[in-house]
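Visitor: Provided herewith is a single structure, encoded as structure tokens, for subsequent inquiry.
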2 protein chains.
Amino acid sequence: MIKRDFKRFCVIISGPTGTGKTTICKKLIEKNNDFFYSISCTTRKKRENEIDGKDYYFITKEEFEKRIKEDKFLEYAKIYNEYYGTPKEPVFENLKNGKIVIMDIDYQGKMKVAEKLKDSVSIYILPPSIEELKRRIEKREKNFMERFKEALKEIDLWISYDYVVINDEIEKAVDEINKIIEAEKLKRERLILERIEK
Amino acid sequence: MIKRDFKRFCVIISGPTGTGKTTICKKLIEKNNDFFYSISCTTRKKRENEIDGKDYYFITKEEFEKRIKEDKFLEYAKIYNEYYGTPKEPVFENLKNGKIVIMDIDYQGKMKVAEKLKDSVSIYILPPSIEELKRRIEKREKNFMERFKEALKEIDLWISYDYVVINDEIEKAVDEINKIIEAEKLKRERLILERIEK
């Protein structure tokens, strides 16, 4: 028998605000029980529809800074005076247990994670159109114009990612990401081959 | 609108004799009309079940050598005193016409094509077991032991390919190759993005 296995890896998903990243990640996790969703820590206030320990781990600034000192983050950043970070331990724990780790993080975070975990896969999500992006941000962000301008600038970041997926229809985008992950599992670099002779 | 397209590419499929490469390629082509199968030229004798212009272009040694001089091959080699080669023109013609070009060629051919077409994708097909490989070669090859020893040596060539697929069930192998190609279409390097503003 030729037995095959593959080295587990992280999948980093980024994209401008309003491209539907979060929904995409939720759907990915629902459909695959060999995926683990990396939940970030943040010091920003919990929004009404968010659940602590599901959307984020909401912690205090003191606690966050303590964890920084203890080297507990794979990456972290301060954005609009609030901290955001990826806890290190669950990532390595789940890779070890055979999971593929999905991360919904921004460009800065991606750069740091890709530097540390060179075999990670990065996917950039783009909106189907600028008009659609505008509509989506308008619907949910308070300081709309500021966020929209930012999102416009962020579009060009696709150039730094391994793959680019356009979120025109959510199911199609999820399907494309699944195909990317399936193909990545078959990459020679990740392959562990064992010949078991009878 | 954000319009996307991708740069067309070649998919090189190799594997030891008896791994089912040819059947896999046939099924790939049947299912996808944006794939073009690159038919090789050879000077070896046509087997009974083979069709000229479908399995190979069967040509004379004189004709083959004339085409070598005219630089008509993307790659060619002499194996057991017979020539095998990939005609250059259909490959570039079909890439230009929006097709993905599928090539069933050996390791030597792969090295030459990958050198010339750096964005090509290479996939190595492995048998599910050594016993199965032996059975398959036994069924169809005359100088069985010689071919089997050769196939055994060829197994280790997977290390030079981008992806490795084990042909345990043919439909599963074809499905995996399709996923690889779908994912490759989404690679940033192949991406052609156009913003079309209203």
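The values are calculated or read from the model by the stated rules, or taken from the named source; none is laboratory data. Note that the coordinates shown come from a computational prediction; the quantities given were computed from them, not determined experimentally. Positions of Cβ are generated from backbone atoms using ideal geometry, with glycine treated the same way; all protein chains shown enter the neighbour counts.
Visitor: Sort out which residues of region A:120-142 are outside any helix (DSSP H, G or I) and either under 14 Å from the mean Cα position of the chain (by Cα) or crowded, with 19+ Cβ neighbours inside 10 Å (or both), and write them in order of number. Working first, answer last.
Guide: Pass one, region A:120-142, residues outside any helix (DSSP H, G or I): A:120-129, A:141-142.
Across region A:120-142, the qualifying residues are A:120, A:121, A:122, A:123, A:124, A:125, A:126, A:127.
Visitor: Considering only residues that are surrounded by 15 or more Cβ atoms within 10 Å (Cβ to Cβ), part of a strand (DSSP E or B) and not aliphatic (A, V, I, L, M), which ones fall in region A:46-78?
Guide: Hits for region A:46-78 are A:56, A:57, A:58, A:73, A:75, A:76.
Visitor: How many residues are crowded, with 19+ Cβ neighbours inside 10 Å and of a type in the set (Gly, Ala, Ser) if we restrict to region B:87-119?
Guide: Residues in region B:87-119 being crowded, with 19+ Cβ neighbours inside 10 Å and of a type in the set (Gly, Ala, Ser): 2 in total.
Visitor: Looking only at region B:24-32, decide whether some residue is touching a helix residue (DSSP H, G or I) at 6+ places or on another chain (Cβ under 6 Å), among the basic types (Lys, Arg), under 23 Å from residue B:184 (Cα atoms) and in a loop (DSSP other than H, G, I, E, B).
Guide: No, region B:24-32 contains no residue that is touching a helix residue (DSSP H, G or I) at 6+ places or on another chain (Cβ under 6 Å), among the basic types (Lys, Arg), under 23 Å from residue B:184 (Cα atoms) and in a loop (DSSP other than H, G, I, E, B).
Visitor: Another question about this same structure. Anything in region B:20-54 that is free of Cβ contacts under 8 Å to residues at least 60 places away in the same chain and more than 25 Å from residue B:96 (Cβ to Cβ)? List them, or say none.
Guide: First, pick out the residues of region B:20-54 that are free of Cβ contacts under 8 Å to residues at least 60 places away in the same chain: B:26, B:30, B:33, B:39, B:41-54.
Passing the criteria: B:42, B:43, B:44, B:45, B:46, B:47, B:48, B:49, B:50, B:51, B:52.
Visitor: Here's another thing I want to ask about it. Would region A:93-101 turn up any residue that is closer than 17 Å to residue A:38 by Cβ, modelled with pLDDT of 95 or more and of a type in the set (Asp, Glu)?
Guide: To start, the set of residues in region A:93-101 that are closer than 17 Å to residue A:38 by Cβ comprises A:93-101.
Subsequent filtering for residues that are modelled with pLDDT of 95 or more retains A:93-101.
Narrowing further to those that are of a type in the set (Asp, Glu): A:93.
So far as region A:93-101 goes, yes, one or more of its residues are closer than 17 Å to residue A:38 by Cβ, modelled with pLDDT of 95 or more and of a type in the set (Asp, Glu).
Visitor: I've got another one for you. For region B:10-36, what are the residues that are aliphatic (A, V, I, L, M) and surrounded by fewer than 18 Cβ atoms within 10 Å (Cβ to Cβ)?
Guide: B:29
Visitor: I would also like to ask the following. Could you list, ordered by first residue, the pairs with Cβ atoms under 8 Å in which the first is in region A:99-119 and touching a residue at least 60 places away in the same chain (Cβ under 8 Å) and the second is assigned to a loop (DSSP other than H, G, I, E, B) and surrounded by fewer than 17 Cβ atoms within 10 Å (Cβ to Cβ), at least 6 apart or interchain?
Guide: A:99/A:34; A:100/A:32; A:100/A:34; A:119/A:7
Visitor: Out of everything in region B:148-163 that is more than 15 Å from the chain's Cα centre (by Cα) and surrounded by 18 or more Cβ atoms within 10 Å (Cβ to Cβ), what residue ends up being farthest from residue B:113 (Cα to Cα)?
Guide: Taking the candidates together, the pick is B:148.
Visitor: Identify, please: which residue in region A:182-198 is surrounded by fewer than 18 Cβ atoms within 10 Å (Cβ to Cβ), in contact with a Lys or Arg (Cβ under 6 Å, 6 or more places away or on another chain) and assigned to a helix (DSSP H, G or I) and is, among those, farthest from the other protein chains (Cβ to nearest Cβ)?
Guide: Result: A:190.
Visitor: Please go through (1) part of a strand (DSSP E or B); (2) in contact with a Cys (Cβ under 8 Å, 6 or more places away or on another chain) for residue A:5 and return the number of the only condition it doesn't satisfy.
Guide: Single failed check for residue A:5: (2).
Visitor: Also, I was wondering about something else. Quick one: which of A:5, A:71, A:34, A:52 is acidic (Asp, Glu), within 14 Å of chain B (Cβ to nearest Cβ) and more than 25 Å from residue A:127 (Cα to Cα)? Even if it seems obvious, please write down each step before you answer.
Guide: Working: A:71 fails: within 14 Å of chain B (Cβ to nearest Cβ); A:34 fails: within 14 Å of chain B (Cβ to nearest Cβ); A:52 fails: within 14 Å of chain B (Cβ to nearest Cβ).
After applying the criteria, what remains is A:5.
Visitor: If you don't mind, another one. Just to be sure before I move on: is residue B:175 out of contact with any helix residue (DSSP H, G or I) (no Cβ under 6 Å at 6 or more places or on another chain), within 13 Å of chain A (Cβ to nearest Cβ) and in a loop (DSSP other than H, G, I, E, B) in the structure I sent? Before the answer, list the steps.
Guide: On the way: out of contact with any helix residue (DSSP H, G or I) (no Cβ under 6 Å at 6 or more places or on another chain): yes; within 13 Å of chain A (Cβ to nearest Cβ): yes; in a loop (DSSP other than H, G, I, E, B): no.
No.
Visitor: Suppose we keep only residues that are within 21 Å of residue A:10 (Cα to Cα), in contact (Cβ under 8 Å) with a residue 24 or more places away in the chain and not in a strand (DSSP E or B) within region A:143-166. Which one would you say is farthest from the other protein chains (Cβ to nearest Cβ)?
Guide: A:157
Visitor: Which is at pLDDT 95 or above and crowded, with 20+ Cβ neighbours inside 10 Å, of B:172, B:179? Write out each step before concluding.
Guide: On the way: B:172 fails: crowded, with 20+ Cβ neighbours inside 10 Å.
Selected residue: B:179, the only one of B:172, B:179 that is at pLDDT 95 or above and crowded, with 20+ Cβ neighbours inside 10 Å.
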